[in-house]
Amino acid sequence: MKIFDTTLRDGEQSPGCSMNLEEKVGLARKLQSLGVDIIEAGFPIASDGDFAAVQAVAAECREVTVAALCRTAEPDVVRAAEALRGAAHPRIHTFVATSDLHLEYKLKKTRTEVIRMTRDAVRLARGFAEEIEFSAEDATRSDITYLCDVFATAVDEGATILNVPDTVGYTLPNEFAELVRTVRERVVGDRD
C-alpha cells in the first residue's frame, strides 16, 4: 500500500486554504516525515505559483515521489516535466475526461480524439519520467468498453499507474468495486 497525498494541489481548492510557497514546502516536509509515499505538489501549467511549488517541493523532498498534475496536452506535460526536473523521484500525472457527457460538453472532443490525446500525452510524459500516472476523469460515468480502451492506450504508451476517479460522486461502493475489477481484468490482467 502507498499513501498518495493531494493536499498541496487539490486541498488548496477549498475556500480559505491558500498557502504561500514557504507554507507549501513546510507542509511537504511534514508529509514526508509522516511517511507519505507520493506528494502531488501542484498543477504547474495552472500558474507560476504552482510551477514554483512543484519545483521547490521536488528540490526539498528527496525521500518521496513528487507528482505534478497535467492535462493530456503537450504544453501541460512539458511544463510538468520542467517543474519536476530536480526531483529525486518524479511522477507525471496526466488526465483526461472519458465520459460522453464530459467529451461532448466539457472537452468538445470525440472518443477518437481523446484516445489520440491520451496516447500522445503519455508517450511524451514517458520521455521525461519513469513513473506516469494516468487518470480518466469522470471514469464512473464512462462507457466501460471505451474506458478500458483509453486505459489500455495509456498503458501501451508507458503509464505505470492507473487512476479510476469518481469525479462527481456518482457511483456506489459496490459499483465502484465492480468497475475497478473490470478495468483490472480487461486492461491489466493480460499484462501481468
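The values are calculated or read from the model by the stated rules, or taken from the named source; none is laboratory data. Keep in mind it's a predicted model, so treat the numbers as computed, not measured. Cβ coordinates were reconstructed from backbone atoms using ideal geometry, including for glycine residues, and neighbour counts include every protein chain displayed. Each accessible area value is taken on the protein alone, full model and side chains, heavy atoms only, with ligands, DNA and RNA left out. Shrake-Rupley method; radii C 1.70, N 1.55, O 1.52, S 1.80 Å.
Rolling a 1.4 Å probe across the protein heavy atoms gives the range 13-172 an accessible surface of 47 Å² per residue. Rounded to the nearest 10 degrees, the inclination of helix 111-126 to the longest alpha-carbon principal axis of the chain is 40 degrees. Take 91-103, 48-60 and order them by the average number of nearby Cβ atoms within 10 Å per residue, most first; the result is 91-103, 48-60.
With Rg and Dmax of the Cα atoms in Å as the read-out, I listed (i) 26.6, 106; (ii) 16.4, 46; (iii) 16.0, 52; which label goes with the value calculated from this structure? So the structure-derived entry is (ii). Counting only aspartates and glutamates at least 8 places from K109 when in the same chain, those with an alpha carbon closer than 12 Å to its own are D100. Overall, the accessible surface of the range 76-148 at a probe of 1.4 angstrom is composed of carbon and sulfur to the extent of 50 percent.
Would you work out the relative contact order for the range 57-113, in percent, from Cα pairs under 8 angstrom that are 6 or more residues apart?
34 percent
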